[in-house]
Every structure is written in C-alpha cells, then in structure tokens.
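*Asks:* Right, I'll just put the structure down here and ask away after.
Read-outs throughout are calculated quantities, based only on the coordinates presented, and are distinct from any laboratory measurement. Just so it is clear, the model here is predicted, and its values are computed rather than measured. For neighbour counting, all protein chains shown are included, and Cβ atoms are generated from backbone atoms with ideal geometry for every residue, glycine included.
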Amino acid sequence: MPLRTETISNEHYTLEILPEVGASVLNLKAASGRPVLREVKLEDVKTSSQCASFTLLPYSNRIRDAHFVFEGRDIRLTPNTKDGLAQHGDVRNRPWQVARVGSNRLVCTFDSRQFDDINWPWAFTAQVDYTLHGPHFDTSVTLTNSSDQEMPAGMGLHPYFARLQDGVDPKLHFGAPLTYDTDERMLPTGGPRPVKREEDFAAPSAIGERQIDRCYAAWDGLARLDWGVRALTLTADNVYSHLIVYTAPDGSLALEPVTHATDAFNLAAQGMGGVDMRTLAAGQSLAGTARVTLEGEW
C-alpha cells in the first residue's frame, strides 16, 4: 500500500509530509518547483533516511554503545546501527497523528505510550508544527516528559538541503566557535575545542571537495547558503545550541539544528561541560523553532 502524503502550500512553497514515516518531510520545493531540500521520489522511501528531513526525538544523533548512566540508573537501549549505537531517537520511522490547520499549516503529534516496543525507558509525547508563511518555512518541535520521573532529553532536525543549484555550489556561512574531535564512529573523544581555520565558516566559504561530518558547538543560530542569484537562511531558537554539518553521499548538504552534542548523555556523566545535556521533570517540555527563509530568484 502506498504511503499517505499530506501537502500544504502557499505562494512561495509546497511542502509534502509522510505521517506514517515519522511525520518526515518528503519534499520541500519553491513555488517554481525548484527543490529547497533534496528531491525525493515517494516510491524510493523505505525509511526516514530516504526523506528530505526528519525529526530527532527524544535525543539527537548517537549514543555510545546504546548505553549511558542517568542518576545512578544503568540505561541500556537497543542498538539500531551496525556499529552498536543508538542513533537519532525513536520517532522518525513511526506513525504520527496529523491535524490539518488551514491550507498552510500541519500539526503532527506522537505519544510513545502507544507503542510497546519504544526504545526509551521514559514515556514522552511530541508535537511538530509545520507552518508556511510568506518566504518562511517554520518547524516547531515540542518534547514533553509524560513519565513520573525526571528524564534526559534532547531533540533535533535533520534536513538535507539541495546543494547544487544550476550547477553552482553555494557558499556556506554560520558562526560556531567550537567543535569536537571524534573517533571512527563519529563519537566525541572529549569536550568542545576551538575550531581550526579549515573548519571555520564564520566567513562565507564554498565546501568544494571537502567531506564533512562535524558537530559544532555554541552555534549562533544562523546558517546561510548563498548561490548568488538565490540564497536561503536557516535560523533557530537558542535551544538549538549545536549544529551538525554533513556532506551526504548523494550530494546534498545536511545542516542539523540540535539541542546537544553527540553522545551528550555520556559526556555529561563524565563531567564535561558545554555539551548541553538537558533533563525534563515530570510534565516539563523542551521546545524550539527552526526557520528556513528563501531569498532571491527561487
């Protein structure tokens, strides 16, 4: 049976969402039909990994050996990668409920208590609000601790931007003075350190042949891709303190706003500062919005 697609649009965008695959973004295109995020064919989607963007909850990125200790409690998750990690949370390939709110807004909700096999020992709910207004595309995420105990928490977005536009590679610009050294599984080997010149995008720079998979810290909440005749900006609330930059094998560019460092739960347990691990009391929520804005000739 083909996957169900929900579509909203305005004078600048058309957005397609797959409720049954984590309420992930299938496609985001300008009104002209030009892809903003990487272009995806519905028949190619088997998991959220083939989508244009997906949501990371109740944590982002990787957890070393699918294991951490929280408040003296030994937490062992089911690994979901070939190298034994827990990665990208546990909502991105599960069905979400969708409520259409007008022609330019979709609200998607998730309740972990509806799934017996959820890979997280605390109950939680989540909401993703997709809104188009003018040249802006907003994604607002809320994560709520629905258990009766304090829980570690984090969230993120994983959009893949269409990198080449008319054969032009964009200049990338963002401010983040810190980054992490990583091992062969892309796990941090320590706390954040100052960026080196070749890692720094404080001045606009083309990526060129560089292969990047790097988590930046103390992000200023702004990233920009500039092709000359057109550009886009990604802005995010300050809860998204980290930015992951990833040059994907298909030629797209992932710019991922996330609330904490990769493997933050283990790093924080080791006493490392700056990784922005957060906890939520029973009933407490973590929330933030990220915005894509188009400029120029789309």
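*Asks:* Can you tell me which residues in the range 224-245 are under 23 Å from Glu209 (Cα atoms), more than 10 Å from the chain's Cα centre (by Cα) and assigned to a strand (DSSP E or B)?
*Replies:* First pass over the range 224-245, keeping only residues under 23 Å from Glu209 (Cα atoms): 224-234, 243-245.
Restricting the remaining residues to those that are more than 10 Å from the chain's Cα centre (by Cα) gives 224-234, 245.
Hits for the range 224-245 are Arg224, Leu225, Asp226, Arg230, Ala231, Leu232, Thr233, Leu234, Val245.
*Asks:* If you go through the range 246-271, how many residues are outside any strand (DSSP E or B), buried (at least 18 other Cβ atoms within 10 Å of the Cβ) and of a type outside the set (D, E, K, R)? It would help to see each step written out before you state the result.
*Replies:* Of the range 246-271, the ones outside any strand (DSSP E or B) are 248-252, 259-271.
Now restrict to residues that are buried (at least 18 other Cβ atoms within 10 Å of the Cβ): 252, 259-268.
Within this subset, residues satisfying the condition of being of a type outside the set (D, E, K, R) are 252, 259-262, 264-268.
Residues meeting the conditions: 10.
*Asks:* What's the total number of residues in the range 60-90 that are under 20 Å from Phe115 (Cβ atoms), assigned to a strand (DSSP E or B) and in contact (Cβ under 8 Å) with a residue 12 or more places away in the chain?
*Replies:* Result for the range 60-90: 5.
*Asks:* Mind checking which residues of the range 137-191 are touching a residue at least 60 places away in the same chain (Cβ under 8 Å), in a loop (DSSP other than H, G, I, E, B) and within 30 Å of Lys29 (Cα to Cα)? Break it down stepwise before answering.
*Replies:* Residues of the range 137-191 touching a residue at least 60 places away in the same chain (Cβ under 8 Å): 137-166, 168, 170, 172, 174, 176, 178, 180, 182, 185-188, 190-191.
Remaining after also requiring in a loop (DSSP other than H, G, I, E, B): 146-150, 154-155, 158-159, 162-164, 166, 170, 176, 180, 185-187, 190-191.
If the condition is that a residue be touching a residue at least 60 places away in the same chain (Cβ under 8 Å), in a loop (DSSP other than H, G, I, E, B) and within 30 Å of Lys29 (Cα to Cα), then Gly154, Met155, His158, Pro159, Ala162, Arg163, Leu164, Asp166, Pro170, Ala176 are the ones that fit.
*Asks:* Would you mention how many residues in the range 23-59 are among the basic types (Lys, Arg), without any contact (Cβ under 8 Å) to a residue 24 or more places away in the chain and touching an Asp or Glu at 6+ places or on another chain (Cβ under 9 Å)? I'd like the intermediate steps shown before the answer.
*Replies:* So in the range 23-59, the residues among the basic types (Lys, Arg) come out as 29, 34, 38, 41, 46.
Right, trim to without any contact (Cβ under 8 Å) to a residue 24 or more places away in the chain and you get 29, 41, 46.
Add one more test, that the residue is touching an Asp or Glu at 6+ places or on another chain (Cβ under 9 Å), and what stays is 29.
Going through the range 23-59 one residue at a time, the tally reaches 1.
*Asks:* In the range 3-42, what residues are under 24 Å from Ala99 (Cβ atoms), of a type in the set (D, E, K, R) and more than 21 Å from the chain's Cα centre (by Cα)?
*Replies:* Arg4, Glu11
*Asks:* Inspect the range 108-119 for any residue being in contact with a Cys (Cβ under 8 Å, 6 or more places away or on another chain), part of a strand (DSSP E or B), crowded, with 18+ Cβ neighbours inside 10 Å and touching a residue at least 12 places away in the same chain (Cβ under 8 Å) and give the result as yes or no. Don't jump to the end; show me each part of the working.
*Replies:* Going through the range 108-119, the residues in contact with a Cys (Cβ under 8 Å, 6 or more places away or on another chain) turn out to be none.
So far as the range 108-119 goes, no, none of its residues is in contact with a Cys (Cβ under 8 Å, 6 or more places away or on another chain), part of a strand (DSSP E or B), crowded, with 18+ Cβ neighbours inside 10 Å and touching a residue at least 12 places away in the same chain (Cβ under 8 Å).
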